[in-house]
1. Is at least one residue of the range 226-235 within 16 Å of ligand 2 (Cβ to nearest atom) and over 24 Å from the mean Cα position of the chain (by Cα)?
2. Go through (1) more than 16 Å from ligand 2 (Cβ to nearest atom); (2) of a type in the set (S, T, N, Q); (3) within 18 Å of the chain's Cα centre (by Cα) one by one and return the number of the condition residue 308 breaks.
3. Would you check which residues across the range 2-32 are at positive phi and surrounded by fewer than 24 Cβ atoms within 10 Å (Cβ to Cβ) and list them?
4. Among the residues of the range 227-242, is there at least one that is of a type in the set (Lys, Arg), within 16 Å of ligand 1 (Cβ to nearest atom), under 24 Å from residue 84 (Cβ atoms) and touching a strand residue (DSSP E or B) at 6+ places or on another chain (Cβ under 8 Å)?
5. Would the range 43-55 turn up any residue that is closer than 22 Å to residue 264 by Cα and open to solvent by 50 Å² or more (accessible area, probe 1.4 Å)?
6. Sort out which residues of the range 340-388 are among the polar types (S, T, N, Q) and within 18 Å of the chain's Cα centre (by Cα), and write them in order of number.
7. Which residue is nearest to residue 163 (Cα to Cα), if the candidates are limited to the range 6-32 and must be within 15 Å of ligand 1 (Cβ to nearest atom) and β-branched (Val, Ile, Thr)?
8. When the range 225-264 is examined, which residues are found to be charged (D, E, K, R), assigned to a loop (DSSP other than H, G, I, E, B) and open to solvent by 80 Å² or more (accessible area, probe 1.4 Å)?
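The values are calculated or read from the model by the stated rules, or taken from the named source; none is laboratory data. If you're wondering where the values come from, they're calculated on a predicted model, not measured in any experiment. Don't worry about glycine lacking a Cβ; one is built from the backbone with ideal geometry, like all the others, and counts go over all protein chains shown. When the accessible area is computed, the model is the full protein with side chains, heavy atoms only, and any ligands, DNA or RNA have been set aside. Shrake-Rupley method; radii C 1.70, N 1.55, O 1.52, S 1.80 Å.
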Amino acid sequence: MKTKVAIIGSGPSGLLLGHLLRAAGIECIILERQTRDYVESRIRAGVLETVTTDLMRQLGVDQRMNEEGLIEEGFNLADGERLIRIDITRLTGKHVMVYGQTELTRDLIAAAPDRGLEIVFEAKDVALHDLEGSPSVSYSKDGISHRIECDFIAGCDGFHGPSRKAIPAHLVREYEREYPFGWLGVLADVPPCHPELIYSNGPRGFALASMRSATRSRYYIQVPLTEKVEDWPEERLWDELALRFDPISERGVTRGPALEMSIAPLRSYVFETMQHGRLFLAGDSAHIVPPTGAKGLNLAASDVAYLSDALIAHYRGGDDAGLNGYAARALSRIWKAERFSWYLTKLMHRFPEDGAFEHRMQLAELDYVASSEAMQTVIAENYVGLPL
Ligand code: RFL
Ligand code: PHB
């Protein structure tokens, strides 16, 4: 088999890239290790920047998003006692949208056949070959081996995929920070406790009240890395959420059966070697942010906006400036989103190594944010997403 661009991974980065290339008439194919069902039911991000919603609109796959997505004109930071509202729209003229990554993924997969975008699910043993010469990707499906020869490989296979690992170790420049806690998340069909998101740094630690719709809530709390989902019977989690959000939210926490509960570790990571020969990395394969800034999916979208521009320029007129400059262009936005996610993580969580002084610093900073429009503007313009 032959194609122009072999894309590994059908998360948001691979799917958006595939659609952008197909819309420009460029042949490509997506290889995905998991089943379609698995990919479509993975619960992850919830907040989309304009960068991401604009791509969905440009691709004409925005109908359900326009109908069901919630426009968020502000969000709240809380210091345990009070809400500090960040009025995104007044401060930046923009807004974000609550629309689940799960829904976005479903929309992109559903639209693929009509747009001539082939996705091979359950592609096993994906391996990359000859990145500096004539690249190809091999895989097996139902016990049969396949090889796809291509011009370029897009590594959109997330943090654990094979693409990043195919880059020779001596070329690698990477930066990492792990955090000593994770987020325990719960999704339930109950109305959210508050009309807008609340990120809270209260006496019992960090918690986030988010949502997917007017009838579906998503909550998270900070937990030590040693804890497991089994340590958290549903009632224990609802009790904890009620303690944190009942005093500060409009309606208080409504309980309901959990549709999903999971623990995600928090990490900051940048793999600066985003290009090697004819391999280009995009999304979580090249960088991870802690979820506090709601940036991960949106960075995946901005990476593929740059990468699709560069590939289209290559095929239209042989102009390779975009491909040569891809990593530098993407990294300039990635590092700023890394900074913001790290900053908000530091401001809103209890770090086991921190004492009473550091907590006072957090409270003083939150008090400063509450009183300073300049600080609120800085937070709003980063949260809403920096321009492409
Ligand atoms: P993905 O989504 O991980 O997709 C990678 C795909 O590659 C496949 N794959 C392989 N395919 C073939 N062969 C192999 N060997 C393969 N190995 C892996 C995988 O099966 C998968 O389908 O990466 P992508 O596309 O770069 O997208 C990144 C986003 O998914 C991620 O950044 C966000 O979910 C992060 N994130 C959030 N981002 C936001 O912008 N806003 C948020 O509100 C937000 N909240 C979150 C989050 C992530 C979370 N978790 C669980 C990590 C909340 C949570 C709890
Ligand atoms: C979510 O709704 O899953 C969500 C929202 C905001 C974040 C992270 C996750 O910062």
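1. no
2. (3)
3. Answer for the range 2-32, where residues must be at positive phi and surrounded by fewer than 24 Cβ atoms within 10 Å (Cβ to Cβ): just 25.
4. No, the conditions are met nowhere in the range 227-242.
5. yes
6. 341, 345, 382
7. 8
8. 228, 250, 251, 255
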